[in-house]
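**Student:** Quick one: this structure, given as structure tokens, is what I'll be asking you about.
The values are calculated or read from the model by the stated rules, or taken from the named source; none is laboratory data. Given the structure is predicted, the values throughout are model-derived calculations rather than measurements. Ideal geometry is used to build each Cβ from the backbone, glycine not excepted, and the neighbour counts take in all protein chains shown. These area figures cover heavy atoms from the full protein model, side chains too; ligands, DNA and RNA do not enter into them. Shrake-Rupley method; radii C 1.70, N 1.55, O 1.52, S 1.80 Å.
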Amino acid sequence: MSPIRSATIAALASAVVATTLTGCQFGEAEQDTSPIVIGADLELSGAGATVGQTYQRALKLKVDQLNASGALNGRKIDLKVKDNRSDSAESLRNIVDFSSDSKVSAIIMGGCNECAVGAVGTINEKRIPTIALAASGAIAAPAAQRRYVFKLGPNAPDSAAALTTELRRNNIRKVGMLVSDDDYGQEGATALKSELDKANITLRQQRIKTTDTDVSQQVQQLASGKPDAMVFWTPPEQATLAATSAQQTTFRGSIYFDAAAAGDLFLGAAAKATEKATLIFTQTMVIDDVIATTPAKAARRQWFQDYTARFGGYNGSSSFAADAVQLIADAELRAGGEIGKVDRDGIRDVLETSQMDGLSGPIRMTPDNHSGLMPQALTTLVARNGRWRLAG
């Protein structure tokens with residue numbers, strides 16, 4: 001074999017290796033430097049704006065970190081954000097726009113349950129991988145009918161089980177529940193009643209709309225039943241409103257927050273009303289209380305510090321948005337496909353089997369379960385001196 005022919009064969013072999021091994025760069029001509037385009041449909045105005053803006057900050061921070069890290073094999077993430085104005089019809093238009101752009105690899109949706117549930121059919125029809133940060137289980141289940149839809153965040157059955165464990169431990173026999181009248185609230189009411197029935201704990205409920213800015217009447221109704229504890233299964237702003245309203249009644253029992261009620265680390269004006277309240281949420285919210293004994297805990301602590309340094313405080317939900325970016329970026333890199341072209345089916349397939357010790361906790365996706373946050377990610381937090389702390 002001639003030296004020229006041998007050199008040619010060796011060069012071709014190197015090119016093949018370069019396109020099949022992640023992170024290997026044997027020739028600039030074979031390296032994909034196209035941007036990883038992620039669409040974000042968020043509630044930047046309207047009733048869900050507080051949570052939506054939190055997600056936007058977290059997405060931007062995580063994208064900046066990944067783009068600066070060099071971990072994307074020479075590629076950069078391009079985040080395209082659209083405001084759905086907390087309106088499901090506007091959200092659906094955003095989903096259609098993103099899916100029509102062949103450069104968009106995947107979509108991240110915000111905290112609007114109605115938006116995400118309403119978009120499931122379109123997402124599947126357009127075959128665009130989507131991770132929703134809203135809480136409703138109907139977003140991602142049944143998985144066989146939600147092939148392109150995934151969810152990151154606490155699940156109602158897991159939260160209900162953890163809350164019931166705490167209620168039993170504190171010998172609570174009678175519970176009043178303030179619950180949002182949306183998909184996640186309905187799931188929560190069903191799940192908590194099931195758990196409390198098994199524990200022989202009685203439950204009385206009052207429902208509120210997610211847009212309500214005054215919950216005092218419903219809280220007063222619960223207080224009149226003289227419960228040992230109140231559970232607030234609502235968005236964060238309503239949960240703190242409810243705690244403040246409860247303080248103005250004859251109720252002197254314990255207050256419990258579901259994971260969806262988690263908001264800022266520091267409780268601000270609601271500090272007095274929420275003192276000694278219990279919250280079921282992920283450990284990252286209070287990671288400064290935790291010794292970083294593993295790489296995953298060290299990463300969570302670093303995220304907490306970076307977010308706090310940039311924004312002057314910490315919001316518990318931020319880690320879900322950051323994990324969604326990481327999952328999509330990893331899936332894009334692992335899916336392979338033709339250089340410069342988006343392989344949405346390949347990204348979907350990778351997402352469906354993703355496993356990661358994320359900033360939120362352990363995340364495991366399977367073909368049967370598209371809601372990835374594991375029950376072990378949830379822990380018990382307690383409000384002390386105006387901020388959330390690790391219980392115990």
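**Student:** All but one of (1) more than 20 Å from G263 (Cα to Cα); (2) more than 19 Å from the chain's Cα centre (by Cα); (3) open to solvent by 10 Å² or more (accessible area, probe 1.4 Å) hold for G118, so report the exception by its number.
**Tutor:** (2)
**Student:** With the requirement that a residue be under 10 Å from A270 (Cβ atoms) and surrounded by 24 or more Cβ atoms within 10 Å (Cβ to Cβ), what does the stretch 229-242 give you?
**Tutor:** Scanning the stretch 229-242 gives A239, T240, A242.
**Student:** Those residues that are of a type outside the set (D, E, K, R) and either assigned to a loop (DSSP other than H, G, I, E, B) or modelled with pLDDT under 95 (or both), I need them from the stretch 122-136; list them, please.
**Tutor:** I128, P129, L133, A134, A135, S136
**Student:** Check the stretch 265-277 and report whether any residue there is aromatic (F, W, Y) and more than 16 Å from D181 (Cβ to Cβ).
**Tutor:** Among the residues of the stretch 265-277, at least one is aromatic (F, W, Y) and more than 16 Å from D181 (Cβ to Cβ), which makes the answer yes.
**Student:** Restricting attention to the stretch 60-75, which residues are farther than 15 Å from I131 by Cβ, in contact with a strand residue (DSSP E or B) (Cβ under 8 Å, 6 or more places away or on another chain) and not in a loop (DSSP other than H, G, I, E, B)? Talk me through it step by step, then tell me what you get.
**Tutor:** So the first thing to find is which residues in the stretch 60-75 are farther than 15 Å from I131 by Cβ, and the list is 60-61, 64-75.
Checking the rest, the ones that are also in contact with a strand residue (DSSP E or B) (Cβ under 8 Å, 6 or more places away or on another chain) come to 60, 66-67, 72, 75.
If the condition is that a residue be farther than 15 Å from I131 by Cβ, in contact with a strand residue (DSSP E or B) (Cβ under 8 Å, 6 or more places away or on another chain) and not in a loop (DSSP other than H, G, I, E, B), then K60, L66, N67 are the ones that fit.
A quick yes/no check of all residues on (1) in contact with a strand residue (DSSP E or B) (Cβ under 7 Å, 6 or more places away or on another chain); (2) buried (at least 19 other Cβ atoms within 10 Å of the Cβ):
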| residue | (1), (2) |
| --- | --- |
| I77 | yes, yes |
| N84 | yes, yes |
| S88 | no, no |
| S91 | yes, yes |
| S99 | no, yes |
| I108 | yes, yes |
| T122 | no, no |
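**Student:** Of all residues being buried (at least 18 other Cβ atoms within 10 Å of the Cβ) and not aliphatic (A, V, I, L, M) in the stretch 188-211, which is farthest from E166 (Cα to Cα)? Just the residue, please.
**Tutor:** T210
**Student:** For S216, which of the numbered conditions (1) closer than 19 Å to T240 by Cβ; (2) surrounded by 18 or more Cβ atoms within 10 Å (Cβ to Cβ); (3) of a type in the set (G, A, S) fails to hold?
**Tutor:** Against the list (1) closer than 19 Å to T240 by Cβ; (2) surrounded by 18 or more Cβ atoms within 10 Å (Cβ to Cβ); (3) of a type in the set (G, A, S), S216 comes up short only on (2).
**Student:** For the stretch 48-68, what are the residues that are of a type in the set (G, A, S) and modelled with pLDDT under 95?
**Tutor:** First, pick out the residues of the stretch 48-68 that are of a type in the set (G, A, S): 48-49, 52, 58, 68.
Passing the criteria: G48, A49.
**Student:** Sticking with this one: Across the stretch 15-46, what is the number of residues that are open to solvent by 80 Å² or more (accessible area, probe 1.4 Å), under 30 Å from S318 (Cα atoms) and modelled with pLDDT of 50 or more?
**Tutor:** Going through the stretch 15-46 one residue at a time, the tally reaches 1.
**Student:** Out of G153, G118, G188, G137, report the one residue that is in contact with a helix residue (DSSP H, G or I) (Cβ under 6 Å, 6 or more places away or on another chain), under 21 Å from E90 (Cα atoms) and not hydrophobic (A, V, I, L, M, F, W, C). Can you show your working first?
**Tutor:** Details: G153 fails: under 21 Å from E90 (Cα atoms); G188 fails: under 21 Å from E90 (Cα atoms); G137 fails: under 21 Å from E90 (Cα atoms).
Answer to the selection: G118.
**Student:** Restricting to the stretch 264-273, name every residue that is open to solvent by 30 Å² or more (accessible area, probe 1.4 Å) and among the aliphatic types (A, V, I, L, M).
**Tutor:** Scanning the stretch 264-273 gives a single hit, A269.
**Student:** What strands (runs of 3 or more DSSP E) completely inside the stretch 284-392 contain at least 1 residues that are open to solvent by 10 Å² or more (accessible area, probe 1.4 Å) and among the polar types (S, T, N, Q)?
**Tutor:** Filter on the stretch 284-392 gives 355-357, 378-384.
**Student:** Among (1) touching a residue at least 60 places away in the same chain (Cβ under 8 Å); (2) of a type in the set (K, R); (3) open to solvent by 40 Å² or more (accessible area, probe 1.4 Å); (4) assigned to a helix (DSSP H, G or I), there is one condition K276 misses while meeting the rest; what is its number?
**Tutor:** (4)
**Student:** Being over 21 Å from the mean Cα position of the chain (by Cα) and either open to solvent by 10 Å² or more (accessible area, probe 1.4 Å) or touching a residue at least 24 places away in the same chain (Cβ under 8 Å) (or both) narrows it down to one residue among R146, R168; which is it?
**Tutor:** Sole residue among the options that is over 21 Å from the mean Cα position of the chain (by Cα) and either open to solvent by 10 Å² or more (accessible area, probe 1.4 Å) or touching a residue at least 24 places away in the same chain (Cβ under 8 Å) (or both): R168.
**Student:** Scan the stretch 346-361 and give yes if some residue there is of a type outside the set (S, T, N, Q), touching a Lys or Arg at 6+ places or on another chain (Cβ under 9 Å) and at positive phi, otherwise no.
**Tutor:** There is at least one residue in the stretch 346-361 that is of a type outside the set (S, T, N, Q), touching a Lys or Arg at 6+ places or on another chain (Cβ under 9 Å) and at positive phi.
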